[in-house]
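**Student:** Submitted below is the structure of interest, expressed as C-alpha cells.
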Amino acid sequence: MEDKSLETVAKLKMYFKEREGVEYSDQVIRQGLVPSHRGTIEKPQGYAEISRSCGDGIIFFLQIHQDKIMRARFFSMGCLAAVASGNAAAVMAEGKDVYEAFDVDAPAIADALGGLPEKEDHCAELACEALREALRDYLTHRREPWKRDYPKKK
C-alpha cells in the first residue's frame, strides 16, 4: 500500500513540475490532498476567516479548554499549497498552550512542509495569519463569550 502511495506522490510531483512549473515537496502533496485537520468546529472558541486578493483563503477554528488548544481545524478555498499550509498550521497548534501557538510562524509552517516554492510562500503566511487571528479572537472573547460572532451556517 505504501509503495502505491509513494508512486502517486511521485506522479503528482512530476505533473506539477511539467504542467505548472512548480516543484512541491512530498509533504505539501500529502497534506494538500489528504489534510488530516480539514473540517469545522461548531461554536469554536477561536475563529478567523482570512482571504487574499489572489483568491486563496483560510477559515480557522479552535476548540480551547483552559487556554490549551484541544482541537484545531481549518477550511481552505485555495490552491494545494494553501490547503497544505492550513493543515500544517492546525497540526502544529493542536495541543499547544494559546500563547505558545503564537510561535507558529510562516517559516515554521513552510519547514514542516519540507519547504514551499517561492511563489507559494504567501500560503504559509496566510495560514499563520489565520491561526493568529483565531487565537486573538479567543483571547478577546474568552471572558465574555456571549459577545462572540459565531460563523453563520450556510
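The values are calculated or read from the model by the stated rules, or taken from the named source; none is laboratory data. This structure is a prediction, so every number in the text was calculated from the model and none was measured. Note that we place each Cβ from the backbone using ideal geometry, even for glycine, and neighbour counts take in every protein chain shown.
**Student:** Report every pair of residues separated by at least 6 positions or lying on different chains whose Cβ atoms are under 8 Å apart, first residue within segment 132-153 and surrounded by fewer than 10 Cβ atoms within 10 Å (Cβ to Cβ), second at pLDDT 75 or above and part of a helix (DSSP H, G or I).
**Tutor:** Matching pairs, first to second residue: Lys147/His141.
**Student:** Another one. List, please: which pairs have Cβ atoms under 6 Å, are six or more places apart or on different chains, and start with a residue in segment 83-109 that is farther than 20 Å from His122 by Cβ and end with one that is crowded, with 18+ Cβ neighbours inside 10 Å and at pLDDT below 95?
**Tutor:** Close Cβ pairs (under 6 Å, with a partner that is crowded, with 18+ Cβ neighbours inside 10 Å and at pLDDT below 95) do not exist here.
**Student:** Among the residues of segment 105-124, are any modelled with pLDDT of 95 or more, closer than 12 Å to Gln45 by Cα and either surrounded by fewer than 19 Cβ atoms within 10 Å (Cβ to Cβ) or touching a Pro at 6+ places or on another chain (Cβ under 6 Å) (or both)?
**Tutor:** no
**Student:** Any residue in segment 1-26 that is farther than 20 Å from Val83 by Cβ sitting within a Cβ distance under 6 Å of a residue that is assigned to a helix (DSSP H, G or I) and at pLDDT below 90? List the pairs, counting only those 6 or more apart or interchain.
**Tutor:** Cβ pairs passing all conditions: none.
**Student:** If you take the residues of segment 1-50 that are surrounded by 19 or more Cβ atoms within 10 Å (Cβ to Cβ), part of a helix (DSSP H, G or I) and not hydrophobic (A, V, I, L, M, F, W, C), which of them is farthest from the chain's Cα centre (by Cα)?
**Tutor:** Within segment 1-50, the match that is farthest from the chain's Cα centre (by Cα) is Arg30.
**Student:** Of the residues Gly115, Gly86, which single one is within 15 Å of Val28 (Cβ to Cβ), of a type in the set (Gly, Ala, Ser) and touching a strand residue (DSSP E or B) at 6+ places or on another chain (Cβ under 6 Å)?
**Tutor:** Of Gly115, Gly86, the one residue that is within 15 Å of Val28 (Cβ to Cβ), of a type in the set (Gly, Ala, Ser) and touching a strand residue (DSSP E or B) at 6+ places or on another chain (Cβ under 6 Å) is Gly86.
**Student:** Go through segment 51-77 and give me each residue that's among the aromatic types (Phe, Trp, Tyr) and either surrounded by fewer than 22 Cβ atoms within 10 Å (Cβ to Cβ) or free of Cβ contacts under 8 Å to residues at least 24 places away in the same chain (or both).
**Tutor:** Phe75
**Student:** Is segment 76-89 home to any residue that is in contact with a helix residue (DSSP H, G or I) (Cβ under 9 Å, 6 or more places away or on another chain), in a strand (DSSP E or B), within 15 Å of Pro35 (Cβ to Cβ) and not β-branched (Val, Ile, Thr)?
**Tutor:** Yes, segment 76-89 has at least one match.
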